[in-house]
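Some notes on the structure that comes next.
The values are calculated or read from the model by the stated rules, or taken from the named source; none is laboratory data. What you are looking at is a predicted structure, and each value in this text was computed from that prediction instead of being measured. Every residue, glycine as well, gets a Cβ built from its backbone with ideal geometry; the counts of neighbours run over all protein chains shown. For the accessible areas, the whole protein counts, side chains as well, though only heavy atoms, and no ligand, DNA or RNA atoms are used. Shrake-Rupley method; radii C 1.70, N 1.55, O 1.52, S 1.80 Å.
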Amino acid sequence: MSNLTHLDSAGAARMVDVGDKATTQRTAIATGHISMSAKAAAAIRDGAVAKGDVLAVARVAGIMAAKRTSDLIPLCHPLPLTKAEIALDVAQDRVTATATVSTAGQTGVEMEALTAASVALLTIYDMAKALDKGMTIGGVRLLEKRGGKSGDWHADASSAQ
């Protein structure tokens, strides 16, 4: 079990000590999508959803989620984020969320980017569920991470969904 950084020698969960790691600039980009009817996508794109501006609220929700990731994922470190950005792309039958999160710190922001994208998509579902209860969220994944001891990483085309 010693290879698993979030477990101690007895197998108990622990928060990893990053105190001796160098502070470096770190960025992570994550994405996901929510599939829906063309009618629901058009209403979101046109700002015609009764609950309000779905895209604006989803952006704010994603940013808030990035900032609060350590409150949701038990072993994540609270991080001082320097950037949290949510891009939303509305297509004919889906909305794609892409979250970019950065920090200057001792641990990465992959979980913050994944959480931001996920919560943005959940917010879209919540605000548009009256139009399409059958919406599905999928493809949530890390696209890229930069910085830190392990260096840069980019998803390859074969891992796309």
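Would you calculate the separation in nanometres between label points at residue 83 and residue 154, each defined as 7 Å from the Cα along the Cα-to-beta-carbon direction?
1.6 nm
Please name which of 124, 81, 35 has its Cα lying farthest along the dipole of the chain towards the positive end, using unit charges on Cβ (Lys, Arg +1; Asp, Glu -1) and the Cα centre as origin.
Among 124, 81, 35, the one farthest towards the positive end of the dipole of the chain is 124.
Which length gain, in nm to one decimal place, applies between residue 53 and residue 130 when the Cα-Cα distance is subtracted from 0.36 nm times their residue separation? List each step's numbers first, then the result.
Values: separation 77, 0.36 × 77 = 27.72 nm, distance 1.44 nm.
Length gained between residue 53 and residue 130: 26.3 nm.
In what order, largest first, do 112, 144, 85 sit by accessible area if the probe radius is 1.4 Å?
On the way: 112 10, 144 35, 85 95 Å².
Ranked list, largest accessible area first: 85, 144, 112.
Roughly to the nearest percent, how much of the accessible area of the chain is carbon and sulfur, given a 1.4 Å probe? It would help to have the intermediate numbers written out before the result.
Details: 4840 of 8770 Å².
Exposed carbon and sulfur together represent 55 percent of the surface.
What nm value, rounded to one decimal, do you get for the distance between residue 91 and residue 14 when each label is placed 7 Å out toward the C-beta?
Label-label distance for residue 91 and residue 14, simple model: 4.5 nm.
At what distance in angstrom do the alpha carbon centres of the range 104-161 and the range 37-98 lie from each other?
Distance between centres, Cα-based: 10 Å.
Over the Cα atoms of the chain, what is the Rg over Rh ratio if Rh follows Kirkwood?
Details: Rg = 17.4 Å, Rh = 16.7 Å.
Ratio value, two decimals: 1.04.
In deg cm²/dmol and to the nearest 500, what is the mean residue ellipticity at 222 nm of the chain if only DSSP H runs of at least 4 residues count, each as -39500 (n - 2.57), divided by the residue total? Provide the component values of the computation, followed by the final result.
Working: 4 runs with 46 residues, N = 161.
For the chain, the value works out to -9000 deg cm²/dmol.
Taking only C-alpha pairs under 8 Å that are 6+ residues apart, what is the relative contact order of the range 1-111 in percent? If you can, show how the numbers build up before the last one.
Working: 177 pairs, mean separation 41.4, N = 111.
With pairs under 8 Å counted, the relative contact order is 37 percent.
Compute the accessible area per residue over the range 101-161, keeping the other protein chains in place, probe 1.4 Å, unit Å². Intermediate results must be reported in sequence, preceding the final value.
Values: 3010 Å² over 61 residues.
Computed with neighbouring chains in place, this is 49 Å² per residue.
Using the Cα centre as the reference, give the magnitude of the dipole from point charges on the C-beta atoms of the range 19-131 (Lys, Arg: +1; Asp, Glu: -1; all else neutral), rounded to the nearest 20 debye.
Values: 11 positive and 10 negative charges, 22 e Å.
For this selection, approximately 100 debye.
Percent relative contact order of the range 51-161, based on C-alpha pairs within less than 8 angstrom and at least six residues apart? Could the numbers behind the result be given before it?
Numbers: 155 pairs, mean separation 28.4, N = 111.
Value for the range 51-161: 26 percent.
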